[in-house]
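So the structure is just underneath, and the comments pick up after that.
The values are calculated or read from the model by the stated rules, or taken from the named source; none is laboratory data. Remember, it's a predicted structure, so these values are computed and weren't measured experimentally. Here the Cβ positions follow ideal geometry from the backbone for every residue, glycine too, while neighbour counts run over all protein chains shown. Please note that ligands, DNA and RNA were not included when accessible areas were found on the heavy atoms of the full protein model with its side chains. Shrake-Rupley method; radii C 1.70, N 1.55, O 1.52, S 1.80 Å.
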Amino acid sequence: MRIKSLSFDMDTAGLPINEVNQLYQNFWVNKKYDWWYEVLPDDIVVDIGAGIGMFSAKALDAGAKKVYMIEPNRRLLKAAIKNVSDYIMDTDDSPVVPINAVMGKTDIHRGNIYKSTVYNDEEVEDVKLMTLTEFVGKYDLAHIDFMKIDAEGAELDFLIDHLDYFSAHVRHAAINVHIDTLPVTYERFWNFRHKFIKPFHDTNRLRFMDESLREKVFSETPLRLLPKESMIYITNY
């Protein structure tokens with residue numbers, strides 16, 4: 001019987017204790033990525049901002065058919081590969097596709113990833129910048145069952161251009177929205193809110209773990225009064 005990859009024995013790649021505690025909270029306490037929907041057997045999963053691979057491990061444990069782990073930090077990605085190695089070894093068709101890249105549109109997204117000391121790599125300037133269009137085209141993804149996004153603010157920009165793809169080809173998305181990382185202006189947040197998430201809100205496909213956040217997000221609340229990061233969930237099933 002295969003050991004579950006998501007466990008307390010995972011390699012944390014030298015992350016500080018506060019980061020490890022946050023991961024514990026996210027995956028064992030509040031389960032923030034799969035609060036509304038869980039990965040099902042044979043799902044196609046995209047993990048943007050995979051870190052040490054905890055969400056990817058959970059998806060594989062649930063029977064995902066293919067998991068694309070996208071992580072810009074090589075140290076963390078190597079740990080992620082190690083943490084899901086039971087699913088890679090002794091198989092002719094690995095269900096895991098590790099990708100060392102920043103998901104975004106411009107170099108500002110690449111630079112922002114490495115502001116924290118957690119993301120210190122020597123290869124900062126070399127990490128590949130990949131748009132969502134390039135990713136979907138390269139791997140010929142006609143549909144995605146579950147997309148988890150934790151892109152440190154880049155989501156405010158790169159998702160705007162992909163409303164049609166999300167509406168037609170992504171069954172579920174769990175998106176961690178950051179307003180404390182990139183230089184986030186009200187205009188940038190307004191564009192993200194109205195051009196990307198409002199169409200899902202208007203068609204009852206947008207979920208909030210805390211419903212009081214919905215009113216704040218769609219009001220004229222100043223950015224400084226909004227949570228520095230919060231989860232939104234998009235459902236198309």
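Consider E155 against the criteria (1) open to solvent by 10 Å² or more (accessible area, probe 1.4 Å); (2) in contact with a strand residue (DSSP E or B) (Cβ under 8 Å, 6 or more places away or on another chain); (3) on the phi < 0 side of the Ramachandran plot; (4) of a type in the set (D, E, K, R): it satisfies all of them except one. Which criterion is unmet? (1) is the only condition that E155 fails. Among the residues making up region 77-104, those that are outside any strand (DSSP E or B) and either in contact with a Ser or Thr (Cβ under 9 Å, 6 or more places away or on another chain) or surrounded by 22 or more Cβ atoms within 10 Å (Cβ to Cβ) (or both) are L77, A79, A80, N83, V84, S85, D86, Y87, I88, G104. The lone criterion from (1) open to solvent by 30 Å² or more (accessible area, probe 1.4 Å); (2) outside any helix (DSSP H, G or I) left unmet by D145 is number (1). Which is surrounded by fewer than 20 Cβ atoms within 10 Å (Cβ to Cβ) and over 16 Å from the mean Cα position of the chain (by Cα), of T181, T203? That would be T203, the only listed residue that is surrounded by fewer than 20 Cβ atoms within 10 Å (Cβ to Cβ) and over 16 Å from the mean Cα position of the chain (by Cα). Only a single criterion out of (1) aliphatic (A, V, I, L, M); (2) open to solvent by less than 60 Å² (accessible area, probe 1.4 Å); (3) without any contact (Cβ under 8 Å) to a residue 40 or more places away in the chain is not satisfied by L223, namely (3). Scanning region 1-34 for residues that are of a type in the set (F, W, Y), part of a loop (DSSP other than H, G, I, E, B) and more than 12 Å from K148 (Cα to Cα) yields a single hit, F8.
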